[in-house]
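Here's the structure, in structure tokens; my notes come after.
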Amino acid sequence: MTTISKSMDIAAPLSEVFTYFARPEHMADQFPENMGLNVIPLEVKNGFGVGTIFRISGDFDGKKLEWDCETIDYIPHKKIVAKMIEGPFKHWQITVDFDELGEKKTKTTLTVEYDMPMGPLGGLIDKVKLKKIAERGMENGLYRVKALLEGTGSIPVYITLEAYRKVLKEKERLKCSVSEAIVDIINQNQQQATAAKPIP
């Protein structure tokens, strides 16, 4: 059994960090684009809680791997655990632990445990190389999430450069997190729209 664990302090409120990780599809944001990692929720239960099933697929060192996972533990603002229920590994499980270090600081720890099968797949993939790829992916993933939640990262694909600059400007003005800045911008736009409506 191989266990890899990586931790990082993220300058964002615990609730914001937990909410981000609670969505399985956000796992894909944590890995390099060239891996083509996809995470697709197949069956959502209890608001992405225990019983949620999702599929992970991607290119791992030139080998296309795919497996289905189920969320087996979900403690709000503390822990999320998912394990493989069908796929190429003998065992695969990911645990994300959250520790509040302050009002706007959260320690996030990713731990992956896996066991490669014997036989064709186990022989095709170099175990040492896979561990290094996984370690690098987890560390880079935590940096990506940190940058995204702290508002210092690359522009999300679903937002324009102009909109992203507006969010960062509002974040600086309010001295708040990215998500709080987005909520503030939405509220401002709603107030302006309401004020601009003609009275019948």
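The values are calculated or read from the model by the stated rules, or taken from the named source; none is laboratory data. Everything numeric in this text was worked out from a predicted model, so none of it was measured. Heads up, the Cβs are rebuilt from the backbone with ideal geometry, glycines too, and the neighbour counts pull from every protein chain shown.
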Mind checking which residues of region 3-55 are modelled with pLDDT of 80 or more, part of a helix (DSSP H, G or I) and among the polar types (S, T, N, Q)? SER15, THR19
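Conditions (1) assigned by TED's automatic domain parsing to the domain that holds LYS132; (2) surrounded by fewer than 18 Cβ atoms within 10 Å (Cβ to Cβ); (3) among the small types (Gly, Ala, Ser); (4) in contact with a Lys or Arg (Cβ under 8 Å, 6 or more places away or on another chain), marked per residue:
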site	(1), (2), (3), (4)
MET8	yes, yes, no, yes
VAL17	yes, no, no, no
ILE72	yes, yes, no, yes
LYS79	yes, yes, no, no
VAL96	yes, no, no, yes
ASP115	yes, yes, no, yes
